[in-house]
Amino acid sequence: MFGIGLIKGDSALVWNAVEIGASVISSTIVSTIIKKAAKRTRPYITYPDLEELTTEGSYSFPSNHTSGAFSLATSLSLEYPKWYVIIPSYTWASAVAYSRMDLGVHYPSDVLMGAFVGAGSAYLCHYLNKKLLKKRIKLQW
């Protein structure tokens, strides 16, 4: 999005890309901070009888994958509020969340918190972008 916006000279597309990127990055940072503070062990470690499909090197709570997926889905949905963007975005994000539990690397509360952090960061970045956009417009007049 960012590259196409630069090539086309479409500043709105560039700012949308920056907002979406900032949302995903901020959700990853917040999730990582919470993860290091909570230090929750993964399900396959707590319950060794579970079939281990994959292993992860960090703690469990919250899910960074889910956080990033919901951040991206929410950001896209806020910028492009059409059903053909919203439904596929949230379907994909939900599939990511489910897969994390299915692989045995996250509890349901991990993915719920990841979804909350991701959506929250998207709403915050969207709000801040609109505030900055208003200031940029005022400066141009």
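The values are calculated or read from the model by the stated rules, or taken from the named source; none is laboratory data. Since the model is a prediction, treat every value here as computed from it, not as a measurement. So basically every Cβ, Gly included, is an ideal-geometry build from the backbone, and we count neighbours across all protein chains shown. Please note that ligands, DNA and RNA were not included when accessible areas were found on the heavy atoms of the full protein model with its side chains. Shrake-Rupley method; radii C 1.70, N 1.55, O 1.52, S 1.80 Å.
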- Query: Accessible surface of LEU13 in the full protein assembly, 1.4 angstrom probe, to the nearest 10 Å²?
  - Reply: 40
- Message: Going by average Cβ density within 10 Å per residue, which order do the peptides 27-34, 111-118 take, highest to lowest?
- Response: 111-118, 27-34
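Roughly how many Å² is the accessible area per residue of the stretch 46-135, as a whole number, for a 1.4 Å probe? Numbers along the way, then the final one.
On the way: 5140 Å² over 90 residues.
Roughly 57 Å² per residue, with all protein chains present.
Would you please give the FRET efficiency between LYS130 and VAL85, computed as 1/(1 + (r/R0)^6) with r the Cβ-Cβ distance and R0 = 25 Å, to the nearest 0.05?
Working: r = 18 Å, r/R0 = 0.74.
It comes out at approximately 0.85.
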- For the chain, longest principal axis from Cα atoms; helix 83-102 axis from its Cα atoms; angle between them, nearest 10 degrees, is 20
- How much of the accessible area of the stretch 4-69, in percent, comes from carbon and sulfur atoms when a 1.4 Å probe is used? 63
- Task: Order the peptides 68-74, 40-46, 86-92 from the highest to the lowest mean number of other Cβ atoms within 10 Å of their residues.
- Result: 68-74, 40-46, 86-92
